[in-house]
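To keep things clear, I will list the structure first and then write my remarks on it.
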Amino acid sequence: MIPEAGTHLPREQQQQMRRATRLEWASIGYAACTITAVALVVGNSQAMRTAWVEDMLSVLPQLAFLIACLVVRKPRRPTHPYGYHRSMSAGHLVAGVALLAVGAMLVYEAVSGLVKAEHPTIGTMNLFGHTIWQGWLMITVMVVLSVPAVILGRLKIKASKPLHNKLLHADAKMAKADWQTNLASVIGVGGIAFGIWWLDGAAALVISAGIIQDGWTNTKSAVVDLLDRRATSFDGTDPHPLITAMEAQLKTYGWIEDFAIRARELGQVMHIEAFVVPIVGELTEDRLYQVREDLKEADWKAYDVVIAPVDELPDFALQPREVA
């Protein structure tokens, strides 16, 4: 059993982390039910087989999150002075690469089936003494299974934002989009029913493309964070609001002539370096200590804060800065 995660976090975030952990366990349970149900009705539909594989792949981010919750609890060591918070980013990367690889394989299979003009067939089955076309059962299963995925996705998005957890956020977006996969498989099976054989392969191709898109988005986000991109908000386009807040805080000190913030993400927390150019004769040890404590108290995500007095700002900081 995975121990309680997130003990390095404030009380509110610990509660959110426990909630997120429960949601991920619930998602794994739902995925197990989904994989079993689809396996029982998958038949010869390529769209259904691809959706089945997608259901199995959906467990990867959830497992990555739960494993990272274990690793992130480990204390700092001389060999790992920044702690183990980047295990979240590492799990994010592993899940993204796996999605990319399998998605590419499924695209190849879908295109091959269309090129070869393979005509899938779906037989009948006996259900409670009645003979029915198996395709109707496939469609029913996929429609019913769409609802829990959307609900779980919305709940995980609500938990991911206060935690600033991009792995959980990516998993939530994938869950919310599961209804699109199910809809594509329904269209594919419906195409077989009406003799439009190529709709099944086309639906499989659409599902495979969605898997690749998820893989690319997750891989790109994880890689740029591991490469120490400036800390950003969830969409990855703007600097994280904490950077702006800290710059505004530094502006209030009369003894600081100029300053710059360098922030990088360590999973869901940040390592922050504040470069300050003091007014000549105004620098004291107490003032440096006070600045560090003020910045640490600005937000729980400020896991590491380093204050570096310098004669002039480093090259990376010589850019326009907007401070409220």
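Only the coordinates and a few stated rules stand behind these numbers; no lab work does. Being a predicted model, the structure only gives us computed values, none of them experimental. Don't worry about glycine lacking a Cβ; one is built from the backbone with ideal geometry, like all the others, and counts go over all protein chains shown.
The table that follows gives values for the structure above.
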{"read-out": "Sorted by Cβ neighbour density within 10 Å, fewest at the top, the residues Met105, Met246", "value": "Met105, Met246"}
{"read-out": "Computed E for Val115/Ile279 - FRET, C-beta separation, R0 56 angstrom, nearest 0.05", "value": "0.20"}
{"read-out": "Between 0 and 90°, nearest 10: helix 11-41 axis offset from the chain longest Cα axis", "value": "20"}
{"read-out": "Whole-number percent relative contact order across the chain, with pairs defined as alpha carbons under 8 Å at least 6 apart", "value": "18"}
{"read-out": "Helix 59-71 axis, angle to the chain major axis (alpha carbon atoms, nearest 10°)", "value": "30"}
{"read-out": "Net charge of Cβ neighbours under 13 Å - reference Leu106; Lys, Arg +1; Asp, Glu -1", "value": "-3"}
{"read-out": "Placed amide H near Thr232: partners under 5 Å, 5+ positions off or other chain", "value": "His240"}
{"read-out": "Cα-Cα over 29 Å, subset of Lys173/Lys301; Lys116/Lys173; Lys74/Lys251", "value": "Lys116/Lys173; Lys74/Lys251"}
{"read-out": "Euclidean distance between Cα centres, the stretch 233-276 to the stretch 75-92, Å", "value": "21"}
{"read-out": "Exposed chymotrypsin sites (Phe, Trp or Tyr not before Pro) absent: longest stretch of the chain, with sites in DSSP loops and at most 10 other Cβ within 10 Å deemed exposed", "value": "195-324"}
{"read-out": "Considering only the chain, percent of DSSP beta bridges that pair antiparallel, nearest 5", "value": "70"}
{"read-out": "Residues of type aspartates and glutamates that Lys156 reaches as a straight line, Cα spacing below 18 Å, ignoring anything fewer than 8 places off in the same chain", "value": "Glu4, Glu12, Glu24, Asp55, Asp171, Asp178, Asp214, Asp235"}
{"read-out": "Tilt relative to the chain, helix 134-163 - C-alpha long axis, 0 to 90 degrees, to 10", "value": "10"}
{"read-out": "Net charge dipole size for the chain [Lys, Arg +1 and Asp, Glu -1 on Cβ; Debye, nearest 20]", "value": "1080"}
{"read-out": "From the coordinates shown, semi-axes √(5λ) of the Cα gyration tensor in Å corresponds to which of (1) 25, 23, 20; (2) 50, 20, 14; (3) 39, 22, 18", "value": "(2)"}
